[in-house]
Amino acid sequence: MSASSFLKALKAEGLTVVETGDWRDHNRNHKGPWGPVHGVMIHHTVTRGSAATVEICRKGHGDLPGPLCHGVITKDGRVHLVGYGRTNHAGLGDDDVLRAVIAEKVPPPDNEAGTDGNRHFYGFECENLGDGDDPWPSAQLDAVERAAAAVCRHHGWSERSVIGHLEWQPGKVDPRGFTMTSMRERIRDRLK
């Protein structure tokens with residue numbers, strides 16, 4: 001999918017999209033290939049404030065240069081595009097989980113981290129502290145559902161191609177505050 005097709009797919013799913021800087025050409029492709037892409041990964045940011053969250057996801061922090069995802073989903077339900085191509089969002093994860101995503105099966109428990117997820121997944125970072133107490137407004141959850149469905153619809157994937165970071169990499173807990181099972185049900189219903 002081209003950057004233009006990505007933007008078009010998100011808008012066609014009814015999302016409010018904010019294009020941030022040079023997002024179409026902002027990537028980490030010089031660090032390795034992007035693709036083949038097999039799924040969508042959902043994260044929370046452990047940040048507060050939309051503007052600061054978008055900026056961190058665009059530029060990165062410390063030893064992790066940006067972009068840190070393809071789109072940032074803020075509390076108000078807007079999707080801020082910050083990169084396209086390889087982004088620093090997934091890290092190393094479980095090859096058994098990748099095989100399950102490709103086969104569109106229930107992912108097994110993640111128990112190793114040796115496969116490059118930045119190559120194989122679209123990533124959406126969601127503005128949330130990830131402490132289990134920070135609320136997930138309905139507009140934001142609706143945008144998560146729509147953004148994942150937009151990518152799945154374009155590629156002809158089912159909801160089984162959508163995972164949380166916690167299902168990919170041992171020790172990760174994101175997204176915290178809703179279950180990926182419930183989100184996949186929402187995505188499944190939207191794709192019908």
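The values are calculated or read from the model by the stated rules, or taken from the named source; none is laboratory data. It should be emphasised that the depicted structure is a prediction, and the values quoted were computed from it without experimental measurement. Heads up, the Cβs are rebuilt from the backbone with ideal geometry, glycines too, and the neighbour counts pull from every protein chain shown. These area figures cover heavy atoms from the full protein model, side chains too; ligands, DNA and RNA do not enter into them. Shrake-Rupley method; radii C 1.70, N 1.55, O 1.52, S 1.80 Å.
What to note about this one:
- For VAL46, neighbours were defined as the other residues whose beta-carbon sits under 15 Å from its Cβ, and their charges (Lys and Arg +1, Asp and Glu -1) total -3.
- Estimated distance in nm for a label pair at ASP134 and HIS154, the labels positioned 7 Å out from Cα along Cα-to-Cβ: 2.6 nm
- ³J(HN,Hα) computed for each position of region 182-192 - Karplus, 6.51 cos²θ - 1.76 cosθ + 1.60, integer Hz, glycine/proline x: 5, 5, 5, 4, 4, 5, 4, 5, 5, 6, 5
- 3J(HN,Hα) along region 102-117, derived from phi through the Karplus expression 6.51 cos²θ - 1.76 cosθ + 1.60 where θ = phi - 60°, amounts to 4, 7, 6, 10, 4, x, x, x, 7, 9, 8, 9, x, 10, 6, x Hz, with x in place of Gly and Pro.
- Protein accessible area in the chain, 1.4 Å probe - carbon and sulfur %: 49 percent
- In terms of packing, defined here as the mean over residues of other Cβ atoms within 10 angstrom, the peptides 109-115, 84-90, 59-65 line up highest first as 84-90, 109-115, 59-65.
- Heavy-atom accessible area with a 1.4 Å probe sorts THR45, THR16, largest first, into THR16, THR45.
- By a 1.4 Å probe calculation restricted to protein chains, VAL173 has an accessible surface near 60 Å², given to the nearest 10.
- Two-decimal log10 I(q)/I(0) for region 114-192, as the Debye equation yields it once each C-alpha is a single scatterer, q = 0.10, 0.11, 0.17, 0.20 Å⁻¹: -0.23, -0.28, -0.69, -0.94
- Using 0.36 nm per residue and subtracting the Cα-Cα separation, the extra length available between LYS11 and GLU185 on full extension is 60.5 nm.
- Rg and Dmax, both from the Cα atoms of region 1-136 and both in Å, are 14.6, 38.
- Probe 1.4 Å, accessible area per residue of the chain, Å²: 43 Å²
- Spin-label model, VAL37/VAL173: points 7 Å from Cα along the beta carbon direction are separated by 3.0 nm.
- Remark: relative contact order (region 35-160) = 34 percent; criterion is Cα-Cα distance under 8 angstrom and separation of 6 or more residues.
- Of all aspartates and glutamates in the structure, the ones whose alpha carbon falls short of 13 Å from that of LYS31, not counting any fewer than 8 places away in one chain, are ASP116.
- With 28 Å as the limit on Cα-Cα distance, the pairs of LYS105/LYS192; LYS8/LYS59; LYS59/LYS105; LYS11/LYS75 that go past it are LYS59/LYS105.
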